[in-house]
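Below is one structure, written out as structure tokens; comments come after it.
The values are calculated or read from the model by the stated rules, or taken from the named source; none is laboratory data. Since the model is a prediction, treat every value here as computed from it, not as a measurement. Glycine also receives a Cβ, built like all others from the backbone with ideal geometry; neighbour counts cover every protein chain displayed. Just so you know, the surface numbers come from the protein's heavy atoms only, side chains and all, with ligands and any DNA or RNA stripped out. Shrake-Rupley method; radii C 1.70, N 1.55, O 1.52, S 1.80 Å.
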Amino acid sequence: MSSQSLYMEPQRVLSSAKGSFIIEMKDIDTGETLYKLEKDNVITLDAGVLAAILFANRNTTRGLYMLAVGTGATGDLLAPDAPDPRQRGLNAEIARKAFSGVQYRKADGTVSPNPTNVVDFTTSFGSGEAVGPLNEMGLVSPISENPLVTNPIGAVFPTYNPEVDLLEFDILVNYLTFGVITKPATAILTITWRLTF
């Protein structure tokens with residue numbers, strides 16, 4: 001068997017994996033729900049690379065730590081272009097934040113005390129955070145755990161190139177575009193991103 005036949009495209013390795021999310025925005029003072037949406041998203045080709053890094057190197061510090069939000073989805077404001085699995089970073093990131101909670105889920109959706117193949121990542125942006133007309137977001141394995149330190153690959157390699165060493169860059173694992181949600185400074189935006197493997 002040739003070495004070429006052993007290689008599998010990243011999208012085939014993660015073909016059974018899927019991502020979905022729940023986004024909810026509430027007024028800080030009244031608690032009124034201003035916006036709520038549930039939707040599926042795209043698992044990127046680079047997610048397969050991050051999985052290989054984690055499987056192959058137990059001493060790595062890389063992991064999935066942050067949610068990034070931005071204003072740069074292409075296409076119509078209310079119906080932007082569909083996300084592409086080749087996406088390597090947000091087009092116009094305005095904020096990123098570490099997860100406030102990570103929970104495993106059982107098949108029936110209840111919380112599991114043990115690791116399962118379903119995991120929820122939750123992030124909340126409070127008053128003054130991520131303010132603006134949001135229309136893109138993604139889960140990031142950052143080069144640094146400091147949200148102010150970013151190293152997006154798209155700034156250096158705007159065209160997808162699978163030969164680039166991702167250990168030197170932020171790795172985008174999931175990506176989503178959606179119709180504009182304008183977050184005011186007076187609202188809390190809570191996003192739960194669910195990955196199922």
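Some notes on this structure:
- Long-range HN-HN contacts of Leu34 with modeled amide H, under 5 Å: Met25, Lys26, Asp27
- On Cα atoms only, tilt of 45-56 relative to the major axis of the chain in degrees: 60 degrees
- Amide hydrogen proximity for Ala95: with H placed 1.01 Å from N in the peptide plane, the residues at 5 or more positions away or on another chain lying under 5 Å are Val69.
- For the pair Arg62 and Lys36, a Förster radius of 30 Å applied to the C-beta separation gives a FRET efficiency near 0.40, rounded to the nearest 0.05.
- Solvent exposure of the range 53-168 amounts to 56 Å² per residue of accessible area, where only protein heavy atoms count and the probe is 1.4 Å.
- Apportionment of accessible area to carbon and sulfur, the range 48-134, percent (1.4 Å): 54 percent
- Relative to its Kirkwood radius, the Cα radius of gyration of the chain gives an Rg/Rh of 0.97.
- Highest mobility in the GNM of the chain, judged by mean-square fluctuation with C-alpha springs under 10 Å and restricted to Thr33, Thr110, Thr71, is found for Thr110.
- Seen from all directions on average, the range 7-124 presents a Cα convex hull projection of 9.9 nm².
- For the range 132-187 and the range 34-62, distance of Cα centres in Å: 12 Å
- Distance between the modelled labels on Gln103 and Glu24, one decimal in nanometres: 1.0 nm (7 Å Cα→Cβ projection).
- Unit charges on C-beta of K, R, D, E only; dipole of the range 21-89, Debye: 540 debye
- Listed pairs Lys26/Lys106; Lys36/Lys106; Lys36/Lys183 exceeding 22 Å between Cα atoms: Lys26/Lys106; Lys36/Lys106
- Full extension of the segment from Asp84 to Leu54, taken as 0.36 nm per residue of separation minus the current Cα-Cα distance, would add 8.5 nm.
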